[in-house]
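These notes are about the structure you will find just below.
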C-alpha cells in the first residue's frame with residue numbers, strides 16, 4: 001500500500017486547555033476553603049437556567065466521560081498494534097496504529113475542555129457537595145492534576161514523536177501514556193464510587209482514612225468495568241472512523257486500508273464486550289455486598305425496567321456484531337464452508353436476545369391482565385427472571401464467540417495430524433459448557449435465592465473456560481494451516497460500514513444509560529446515606545425523560561466526533577493528494 | 001459530503017429508536033420519601049396505620065420485601081409475620097424479634113436468605129425509635145395481634161433517636177361522613193399521594209387522569225377493593241392495599257361513599273372533566 005506520510009496537526013491549544021483545567025482542579029481545595037468566608041459561602045445549590053443544574057451537569061459529565069473513554073482506550077490498542085507491527089516488521093500495523101493515534105490529539109482537547117466545563121459547573125452549582133468531597137479527597141486532586149499533566153506530555157510525545165524516535169523509546173512513551181491514563185481513571189473513579197458506596201468515614205461523615213475512602217466497595221469493580229468498557233467504546237469509535245473513511249475512499253487501496261481499520265476497531269470492541277458482562281456481574285455483586293437496598297434499587301426497584309432497555313441495547317450490539325462478522329466473511333475465500341451455520345447462529349442470537357429482553361411482568365391493559373390472571377404472563381414471565389436471563393446472556397456470548405471462530409478460520413484449513421481430534425475436543429467443550437449453562441439456569445428455578453445467586457459464578461466460569469480453552473486449541477491447530485484464499489479487503493458491502501456506525505452509536509447510548517443508572521441508584525443522596533440531596537432535583541426522573549437526555553447527549557457527542565474526524569482527516573489531506 | 005449527511009441521518013434514526021424504546025417502558029418518577037410523624041398520644045391502632053405508611057414509604061421496606069404470601073423471593077415475605085415473629089428465635093417475643101430485625105437485622109437471618117438488610121435506625125433509612133415502634137405495630141398486625149405502644153421499651157432505643165417523628169399528631173383517618181363528594185373522598189383518603197388526576201404522567205401509582213375512559217365502573221370497583229388482583233405494569237404489588245389500610249379506607253368507607261368515589265373516577269376521561 002502507498003500510504004500517506006505522517007504529519008501532525010497544530011494542537012498546542014489543547015495543551016493549554018489541559019493545563020488550565022489542571023490548575024482549576026489543583027486550586028479547588030484552596031478555593032473551597034475560602035468559600036465560607038465569602039459572601040454566599042453557605043450556598044448549597046445554584047440553579048442552571050432553562051434545563052436545571054442536574055441536566056447541565058449530567059450532559060457535560062457524560063460528554064466528558066465519552067471523550068475520556070475514547071482518549072484512554074485508543075492508546076491501549078494503538079500501542080498493542082504498534083508493538084505487533086514492530087515485532088512482525090509489517091508496516092501496515094504501524095500505519096494502522098498511527099491512524100488510530102491521529103484521532104487522539106483533537107479528542108484530547110475536547111476531553112480537557114469538557115472536563116474543565118464539568119469542574120466549573122460542579123463547583124458553581126453544587127458547592128456544598130464539592131466542599132465535602134474535597135474534604136475527603138484533598139490530596140488526590142493534586143495527584144490527579146500531576147498525572148493529567150503527565151498524560152498531556154506523554155500523549156503529545158507519542159503522537160509527534162512517531163517515526164522521529166527510536167521504536168523502543170516510542171513504545172515506552174506509549175506505555176507511559178497508557179499507565180498514566182489508567183491512573184487518571186482510577187483516581188476519578190475513587191471520587192464517583194465514594195458517592196455510591198462511601199467508606200473511610202465515621203458516622204458523622206468526617207474523614208477517617210482517605211485510602212479507605214478510595215478503596216471503597218465499588219472502586220475496583222468500577223475500575224475494571226470502565227477499563228474494559230472504554231476499550232469497547234474506543235474500539236467502536238475507531239471502527240466508525242474506519243467506516244467513515246471507507247465510505248469516502250476514492251481508491252481500492254484506501255478502501256482496503258479503511259476496511260481493515262474498521263474491522264480491527266470492531267474486533268477490539270467486540271473482544272472487549274465479551275468479558276464485560278462478567279465485570280458488570282462483579283460490580284453488581286459488590287453493590288449488593290455494600291448495601292442490599294442499593295442493589296435492589298438497581299435491579300429490582302425503580303431501575304428494573306432500565307435493564308430491559310439495556311437488554312435491547314446489548315442484544316442489538318451482539319446482533320450487529322455477529323452481522324458484521326457474517327458480512328466480513330463474504331470477503332474471505334473459503335468462508336463459504338461456514339455459510340450454512342449462519343442461520344443457526346442467527347436463530348441462537350435472536351432467541352437469546354428475546355429471552356434477555358423479556359420483562360418479568362408485562363405492560364398490559366386491565367382486560368389483558370385479567371385474562372393472564374395478573375400482570376405476569378403465565379408462560380413468558382418464567383423467562384423474565386435472572387436464571388433465564390443469565391443463561392441467555394451466556395449463550396449469546398458463546399454464539400458470538402462461535403461467529404468469531406468461524407471468521408478466524410474462514411480461509412484456513414488445519415494441517416496438523418490431530419486436527420480431527422482437536423475439532424472434536426473443541427465441540428465437546430462447547431457442548432458440555434452449553435449443557436452446564438442451561439442446566440444451572442433451569443436448576444435456579446428450584447432453589448432458594450441464596451443458592452440461586454451463586455449459580456451465576458459457575459455459569460460465567462464455564463463460559464470463560466470454553467472461550468479460553470477453545471481459543472488455545474484453535475491457535476495450535478491452525479498454526480501453519482493451509483490458506484485457501486486471500487482476504488479481499490475493501491470488498492465488503494456498504495451496509496457493513498453502517499453496521500459499524502450502528503455499533504458505535506449503540507455503545508455510546510449504552511454508556512449514557514449505564515452512567516445514568518450508576519448515578520441514579522443513589523436516589524435522593526449525593527453521597528449515599530451520608531449527604532442527602534435537598535435540591536429541587538432530588539427525585540428520579542422517568543426512564544423516558546432519561547432516555548431523551550441520553551439521546552441528546554449522544555447526538556452532541558457524535559456531532560463533536562464528526563468534527564474530530566473532519567479535523568483529523570485534514571492532517572493527511574495534503575500528502576494524500578500528493579501521494580494520490 | 002453526501003456520506004456525512006447520510007451518516008448523520010442514520011445516527012439520528014438510531015438515537016430516535018432508542019429514545020422510543022425508553023418511552024415504551026413504564027414511566028415512574030420517584031420522589032424522596034416524606035418523613036412520617038408520630039404523635040405522642042397515639043394508640044396502638046393508630047401506630048398500625050402509621051406503620052403501614054412508613055413500611056411503604058419512608059422505610060422503603062417494600063423495595064425488597066413482598067407481602068403476597070408467596071415464597072421464593074429474594075427477601076422474606078412479610079405476609080403473616082405477625083404470627084411467625086414470636087416463634088422465629090427461641091426466648092424472643094414477637095416485639096423483640098421484630099425490634100432486632102429492624103435495629104440489627106443481620107443478627108438473625110431467616111434460613112435460605114442472605115444477610116444485608118440495612119439497620120432501619122441508620123442512614124439511608126434513618127427511622128426514629130417511635131417510627132420503628134409504629135412499624136413493629138404494623139408488622140404485628142400482619143397475622144398477629146398488635147400490642148406495641150409508644151411506651152414499649154426496646155434495648156436498642158437511644159435518646160438521640162427518640163425524636164425524628166415529631167410531636168404533632170399523624171393525619172387521622174378520614175371521618176366517615178356520608179355526604180362527602182367524590183373529590184373530597186379522593187382527597188380524604190390521600191389518593192392524590194400516589195395518583196394524578198390532572199396529568200397522564202404516572203406517579204407512585206398509575207395516573208387516573210383518564211381512568212374513566214380506560215376502565216369500566218366494575219373494573220374501578222375491583223381496582224379499589226382488590227388492588228392486587230391486577231397491578232398495573234411497573235407498579236409495586238401490595239402498596240395500594242397497604243396505603244388504603246393505613247388511611248383506614250377499608251374500615252371506614254361506606255357503600256354509598258364507594259359508589260360516589262367510583263362515579264367520580266369514572267368521570268375522569270382525560271378531557272378536563
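Couple of notes before you dig in:
- Compactness index (Cα Rg / 2.2 N^0.38 Å), the range A:486-555: 1.72
- Out of every Cα-Cα pair that the range A:382-532 contains, those further apart than 27 angstrom amount to 50 percent.
- Using a Förster distance of 60 Å, the FRET efficiency for residue B:181-residue A:341 (Cβ separation, nearest 0.05): 0.30
- Mean projection area, nm², convex hull over Cα of the range A:128-170: 3.9
- Computed over the range A:140-299, the ratio Rg/Rh where both radii use C-alpha atoms and Rh is Kirkwood: 1.09
- Set of the range A:449-490 residues, backbone N closer than 13 Å to the point 7 Å along the Cα-Cβ line of residue A:416: A:469-482
- The average projected area of the range A:265-365, computed from the convex hull of its Cα atoms over all directions, is 8.7 nm².
- A P(r) calculated from all alpha carbon pairs of the protein assembly as shown, with 20 Å bins opening at zero, reads 13, 42, 33, 11, 1 percent.
- A viscosity of 1.002 mPa s and a temperature of 20 °C, combined with the Kirkwood radius over Cα pairs in Stokes-Einstein, give a translational diffusion coefficient for chain B of 103 µm²/s.
- Here the spin labels are modelled as points 7 Å beyond Cα on the Cα-Cβ line, and at residue A:453 and residue B:225 they lie 4.1 nm apart.
- Rounded to 10°, Cα long-axis angle of helix B:2-24 versus longest principal axis of chain B: 40
- Helix-only CD estimate at 222 nm, as mean residue ellipticity for chain B, using -39500 (n - 2.57) per DSSP H run (n ≥ 4): -12000 deg cm²/dmol
- Extended-chain gain in nm, criterion 0.36 nm per residue less alpha-carbon gap, residue A:139 and residue A:203: 20.8 nm
- Taking only the Cα atoms of the range A:209-341, the ratio Rg/Rh comes out at 1.12, with Rh defined as the Kirkwood radius.
- Dimensions (Å) - the range B:184-225, Cα atoms, principal axes, largest first: 23, 21, 16
- Based on Cα contacts under 8 Å between residues 6+ apart, the range A:221-307 shows a relative contact order of 34 percent.
- Exposure proxy ranking, count of Cβ atoms within 10 Å, fewest first, for B:77, B:187: B:187, B:77
- Per residue of peptide A:243-255, the mean number of Cβ atoms on other chains within 10 Å of the residue Cβ is 1.
- Ordering A:298, A:185 from the fewest to the most neighbouring beta carbons within 10 Å gives A:185, A:298.
- Straightening the chain between residue A:51 and residue A:212 buys 54.3 nm, computed as 0.36 nm per residue apart minus the Cα-Cα spacing.
- Burial ranking of peptide ranges A:241-249, A:473-481 (average Cβ count within 10 Å, highest at the top): A:241-249, A:473-481
- Debye intensity ratio I(q)/I(0), log10, the range A:60-101, q values 0.18, 0.27 Å⁻¹ (C-alpha model): -0.51, -0.79
- Kirkwood Rh (inverse of mean 1/r, distinct Cα pairs), the range A:533-573, angstrom: 12.8
- With each label modelled as a point 7 angstrom along the Cα→C-beta vector, the residue B:34-residue A:44 pair spans 1.9 nm.
- Relative contact order, whole percent, for chain B stands at 22, derived from Cα pairs under 8 Å and 6 or more residues apart.
- On the beta carbon distance between residue A:495 and residue A:559, with R0 = 25 Å, the FRET formula returns roughly 0.60.
- Once the C-beta distance of residue B:111 and residue A:354 is scaled by a Förster radius of 35 Å, the resulting FRET efficiency is 0.45 to the nearest 0.05.
- Three semi-axes describe the equivalent ellipsoid of the range A:170-223; taken as square roots of 5 times the Cα gyration tensor eigenvalues and ordered largest first, they are 29, 10, 7 Å.
- Neighbour-count ranking [beta-carbon atoms within 10 angstrom, fewest first] of B:28, A:119: A:119, B:28
The numbers here are math on the coordinates, done by the rules we state, and not lab data. From a predicted model like this one, the values you see are computed outputs, not experimental measurements. Please note: Cβ atoms are built from the backbone with ideal geometry, for glycine as well, and neighbour counts cover all protein chains shown.
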